[in-house]
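Read through the structure below, which is laid out as structure tokens, and then see the notes.
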Amino acid sequence: MDEFKRDFIELAPAMLEGNVVRLERMRAEHVQPLWEASAEGREETFRWFPWPMSTQDDFRWYVVDKALAEETKGLSVGFVHVEKESGQIIGSV
């Protein structure tokens, strides 16, 4: 499998900031505020996900066991959107 060896860029904790929102690296402690942010429109937001997203446990699995695990493997990086004025987490990417 050495032919598929990847060269990874190691990313330090990052924060990107604009006029309205700040993007912060996703962490396990973001599960609860992200779940709360998804309350309005949750069904539509998660409609096309290929796994269940109907409970907070489903969501925790997605953030911790999927998104953060992929980051550890160097496959992806997740960010949360923080509204600068309120400091409230309002979404993720």
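The values are calculated or read from the model by the stated rules, or taken from the named source; none is laboratory data. What you see is a predicted model; the values in this text were computed from it and never measured. When we count neighbours, we look across all protein chains shown, and the Cβ atoms used for this are built from the backbone with ideal geometry, even at glycine.
Within region 36-56, identify whether any single residue is touching a residue at least 40 places away in the same chain (Cβ under 8 Å) and touching a Pro at 6+ places or on another chain (Cβ under 9 Å), and answer yes or no. No - not one qualifying residue is present in region 36-56. Could you tell me whether residue 48 is at pLDDT 90 or above, surrounded by 15 or more Cβ atoms within 10 Å (Cβ to Cβ) and of a type outside the set (S, T, N, Q)? No: the conditions fail for residue 48. Only one entry of 36, 70, 40 meets the criterion of being in a loop (DSSP other than H, G, I, E, B), among the acidic types (Asp, Glu) and more than 10 Å from the chain's Cα centre (by Cα), and that entry is 40.
Every listed requirement among (1) part of a loop (DSSP other than H, G, I, E, B); (2) out of contact with any helix residue (DSSP H, G or I) (no Cβ under 7 Å at 6 or more places or on another chain) is met by residue 62 save one, (1). Evaluating residue 71 against the criteria (1) free of Cβ contacts under 8 Å to residues at least 24 places away in the same chain; (2) closer than 18 Å to residue 24 by Cβ; (3) of a type in the set (D, E, K, R) leaves one unmet condition, (1).
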